[in-house]
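The values are calculated or read from the model by the stated rules, or taken from the named source; none is laboratory data. Remember, it's a predicted structure, so these values are computed and weren't measured experimentally. Please note: Cβ atoms are built from the backbone with ideal geometry, for glycine as well, and neighbour counts cover all protein chains shown.
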């Protein structure tokens with residue numbers, strides 16, 4: 001099956017977090033699909049420490065998830081505002097959506113410029129211009145004389161899509177690696193590849209000699225109805241993490257990014273020679289097979305829709321044939337999609353230990 005022909009059945013969409021699917025389950029109670037070149041194997045996520053080896057380095061995103069959805073109104077019509085990204089000039093990139101009566105939202109036309117949205121507490125949001133020439137889904141908006149972060153804290157809720165069963169508390173969208181940012185901003189949507197990690201699993205990985213390199217990339221909204229390439233996002237790769245990554249590359253360790261956000265951050269800090277240097281700012285990098293990757297050897301990621309631009313990044317890491325083979329296996333197995341679903345570990349084919357690509361589902 002080609003990726004373009006891939007169709008995800010309704011029953012394969014993860015509707016609630018793993019820990020809500022049965023008594024005694026935790027976040028790590030998800031399946032792990034493993035690709036090593038031409039080999040595909042099936043595991044439980046808790047097997048991850050046995051699939052990595054001492055000297056491997058996991059690059060993790062520390063961005064916290066915001067309660068980025070707020071109810072508002074345009075005239076007498078209700079809307080939902082998704083706050084995506086704060087610009088350097090204090091404006092926010094936002095997406096307006098229509099409530100669908102089921103607790104979720106549907107796409108709506110953006111704009112026009114000058115549209116005023118009333119938010120709770122008599123806060124007024126003014127649309128000024130589209131974020132990009134590629135479309136009018138996201139707009140730069142100004143919220144005069146108000147603190148958007150305060151509005152989010154008091155009235156916001158996590159962004160929820162229609163395939164989920166019910167609203168979840170913000171804690172369900174925070175990963176174990178999330179840290180408060182100095183300016184209070186974060187991600188509009190969870191860096192979900194890291195969601196299955198628990199403190200216990202992190203401790204086991206460290207005890208086996210696996211290291212962690214924290215980076216930050218504040219991800220914006222990624223509407224399920226639009227699969228355009230990602231917009232520019234704020235990122236930071238600190239000096240200590242750059243040193244860890246370069247040391248792993250110089251030795252025999254593998255650099256494995258936890259999530260496509262971590263790939264975007266670390267590849268944005270890499271020079272043409274593949275060396276990573278401390279950087280912070282905005283990145284418009286889109287990782288494609290044509291561009292390739294300079295740093296990451298492997299990737300831990302969720303299962304993506306066939307139209308998603310994330311799949312191009314996966315192809316850049318592993319090649320199209322390997323990704324098609326993995327997704328054939330995922331469709332043929334009991335895997336679940338989206339942010340509360342199962343995960344996919346991509347490792348380079350030169351991995352020397354056959355146990356890293358075991359053949360049995362456990």
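Being in a strand (DSSP E or B) and farther than 30 Å from residue 257 by Cβ holds for only one residue in 130, 144, and it is 130. The set of residues in the range 282-317 being modelled with pLDDT of 95 or more and farther than 23 Å from residue 57 by Cβ consists of 282 alone.
Against the condition over 18 Å from the mean Cα position of the chain (by Cα) and at pLDDT below 90, how does residue 333 come out, does it pass? Answer is yes for this residue.
Residues of the range 274-287 that are over 15 Å from residue 262 (Cα atoms) and under 18 Å from the mean Cα position of the chain (by Cα): none at all. Elements of the type strands (runs of 3 or more DSSP E) sitting completely within the range 173-286 and holding at least 3 residues that are touching a residue at least 40 places away in the same chain (Cβ under 8 Å) and surrounded by fewer than 18 Cβ atoms within 10 Å (Cβ to Cβ): these cover 279-283. Filtering the range 161-172 to residues that are assigned to a loop (DSSP other than H, G, I, E, B) and farther than 10 Å from residue 16 by Cα leaves 161, 162, 169. Mind checking which residues of the range 97-112 are touching a residue at least 40 places away in the same chain (Cβ under 8 Å), on the phi < 0 side of the Ramachandran plot and outside any strand (DSSP E or B)? Passing the criteria: 100, 102, 104. Within the range 65-84, does at least one residue satisfy the condition of being surrounded by fewer than 19 Cβ atoms within 10 Å (Cβ to Cβ) and touching a helix residue (DSSP H, G or I) at 6+ places or on another chain (Cβ under 8 Å)? Yes: one or more hits.
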